[in-house]
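In what follows, a single structure is set out as structure tokens and then discussed.
Readers should treat all values here as calculations from the given coordinates under stated rules, not as data from a laboratory. Because the structure is a prediction, the values reported are computed rather than measured. Please note: Cβ atoms are built from the backbone with ideal geometry, for glycine as well, and neighbour counts cover all protein chains shown.
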Amino acid sequence: MSNNCATALLVYTMMQIFVVLSFIETKGMSIAPYFGLVLLVAVIIPFCRKYEKRWENYADSGLSTQSIAARFRRDQITLWVLTFGLPFVFIAIIKAVGAIV
């Protein structure tokens with residue numbers, strides 16, 4: 001799971017840079033979008049760390065191989081759905097706030 005989390009974090013960060021930051025239009029040299037990027041990446045790091053910790057505990061859990069494989073696949077799918085989905089959720093939130101303001 002560590003490899004999945006590390007790769008997902010890199011993909012998530014790249015999507016934040018190329019998708020979300022390109023969507024945010026700024027006038028002049030505003031640094032606010034970059035602070036937002038750091039915040040969005042910092043929010044996801046504890047989530048990835050939680051996944052890694054959970055899998056460290058599964059090694060001694062006594063569960064069957066099939067049960068562990070099913071849980072791994074479920075966590076892997078969840079991780080990747082969030083990796084690809086959250087940047088677009090953030091864009092939707094930015095659009096909604098922009099429509100209100």
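How large is ³J(HN,Hα) for each residue in region 95-101, as worked out from phi by the Karplus curve 6.51 cos²θ - 1.76 cosθ + 1.60 (θ = phi - 60°), to whole Hz, x for Gly and Pro?
So the Karplus estimates, Gly and Pro as x, are 5, 5, 5, x, 6, 6, 7 Hz.
What distance in nm separates the two pseudo spin-label positions at Ser67 and Val11, each 7 Å out from Cα along the beta-carbon direction?
Spacing of the two 7 Å Cα→Cβ label points: 2.9 nm.
Go ahead and estimate [θ] at 222 nm for the chain from helices alone: -39,500 (n - 2.57) per DSSP H run with n ≥ 4, summed, over the residue count, rounded to 500.
-27000 deg cm²/dmol
Cα convex hull of the chain: how many Å³ per residue?
It comes to 96 Å³ per residue, whole-number rounded.
Using the Cα centre of the chain as the reference point, and only Cβ charges (+1 on K/R, -1 on D/E), how large is the resulting charge dipole? Debye, rounded to the nearest 20.
Once rounded to the nearest 20, the dipole reads 140 debye.
Can you tell me the FRET efficiency between Ala99 and Phe47 if r is taken as the Cβ-Cβ distance and R0 is 35 Å, rounded to the nearest 0.05?
The calculated FRET efficiency here is 0.80.
Please give the peptides 8-21, 35-48 ranked by average Cβ packing (other Cβ atoms within 10 Å per residue), highest first, as a rough proxy for protection.
Put in order of decreasing packing, that is 8-21, 35-48.
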